[in-house]
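To keep things clear, I will list the structure first and then write my remarks on it.
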Amino acid sequence: TPYNGYNGPQKQKQFSQEFQALGKVGDFSYVAGLYYFRERVSEANHQTLTLVLSPYALPYLGFPESFQTSLLDQGVDLVGLNLTPLAAYHQTSKSYAAFGQVSWKPQALDEKLEVTGGIRYTEDRKSILLENEDGYGNSTVVGPADGRVKYHNLSYLGSLSYQMTPDALAYAKISSGYKSGGF
């Protein structure tokens, strides 16, 4: 078998929730909120493959030298080993955020000018467990591996706009963004 892979079972669950408080006080409008996200995924990739190699490599895989010598004496140049490795993982991702934004639209300027500022703090936590096997049933050769990472970021937004006519708006904006890392 050159290669055959079956990715099953695969599981993926996620949940997210956001709470917002919106309001207006005089010339100011605001939004403040909290965000939460959780995702759990897992997969077991069962593989079937044939590894083709020289008989000279067999002692490195635990075969006796007498077996290697026998094959070489028979003139065998290549040997095929049937393997059934497993590549499996379980991963959890969680994200927490708090954010706020305030806009000022003065009535004294017929609400044509708008100044906005915002900020968001995000923290991401991720964990992974790899459970790999080498095809001989040994999990210590390729895995298992366990990892945890944590990322955090403070993003901002600032904008200034002016409604010159009903059809023309001039604006300037600066903002930052963030994408967490992974494995």
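In what sequence, largest accessible area first, do R148, R40, R120, R125 appear using a 1.4 Å probe? Before the final figure, lay out each step's value.
Numbers: R148 185, R40 130, R120 80, R125 110 Å².
From most exposed to least exposed: R148, R40, R125, R120.
Mean projection of the Cα convex hull over all viewing directions, computed for region 8-89: 9.9 nm². When the alpha carbon coordinates of the chain are projected onto the principal axes, the ranges are 98, 30, 23 Å, largest first.
Of the listed residues T116, T84, the order by accessible area with a 1.4 Å probe, largest first, is T84, T116.
Across the chain, the mean sequence separation of Cα contacts (distance under 8 Å, 6 or more residues apart), normalised by length, yields a relative contact order of 18 percent. If R0 equals 25 Å, the separation of the Cβ atoms of F63 and E43 corresponds to a calculated FRET efficiency of about 0.20. Along the axis of the charge dipole computed for region 43-183 (Cβ charges of +1 for Lys and Arg, -1 for Asp and Glu, origin at the Cα centre), the listed residues L129, L160, G75 are led at the positive end by L160. Of the solvent-accessible surface of region 48-87, computed with a 1.4 Å probe and all protein chains present, 58% belongs to carbon and sulfur.
Average the reciprocal distances over every distinct pair of alpha-carbons in region 75-136, invert the result, and give the Kirkwood radius in Å.
On the way: mean 1/r = 0.0556 Å⁻¹.
Hydrodynamic radius (Kirkwood, Cα only) of region 75-136 equals 18.0 Å.
Approximating the spin labels as points 7 Å out from Cα along Cα→Cβ, the S127-to-W104 distance works out to 4.6 nm. Extending 7 Å from the Cα toward the beta-carbon at both T165 and K179 defines two label points whose distance is 4.0 nm.
Want the number for Y151 to T92: 0.36 nm per residue separation, take away the alpha-carbon distance, what's left?
On the way: separation 59, 0.36 × 59 = 21.24 nm, distance 1.40 nm.
Here the segment from Y151 to T92 would lengthen by 19.8 nm.
Computed 3J(HN,Hα) for region 166-174, one whole-Hz value per residue from the Karplus formula 6.51 cos²θ - 1.76 cosθ + 1.60 where θ = phi - 60°, is x, 10, 10, 10, 10, 8, 9, 8, 9, glycine and proline marked x. For the chain, the per residue solvent-accessible surface stands at 68 Å², with DNA, RNA and ligands left out and a 1.4 Å probe.
For the chain, the dipole from Cβ point charges (+1 on Lys and Arg, -1 on Asp and Glu) about the Cα centre works out to 840 debye, to the nearest 20. For region 168-183 and region 47-115, what is the centre-to-centre distance using only Cα atoms, to the nearest Å? Going from one Cα centre to the other spans 31 Å. Residues considered: D110, D73, D27. Largest GNM mean-square fluctuation over the chain, using C-alpha springs under 10 Å, is found at D73.
Whole-Hz Karplus values for region 41-54 come out as 9, 8, 7, 10, 9, 7, 10, 10, 8, 10, 8, 9, 8, 6 Hz, taken residue by residue from phi with 6.51 cos²θ - 1.76 cosθ + 1.60 and θ = phi - 60°; glycine and proline positions read x.
The values are calculated or read from the model by the stated rules, or taken from the named source; none is laboratory data. Given the structure is predicted, the values throughout are model-derived calculations rather than measurements. Virtual Cβ from ideal backbone geometry, glycine too; neighbours counted across all protein chains shown. Side chains included, ligands, DNA and RNA excluded: accessible areas come from the protein's heavy atoms. Shrake-Rupley method; radii C 1.70, N 1.55, O 1.52, S 1.80 Å.
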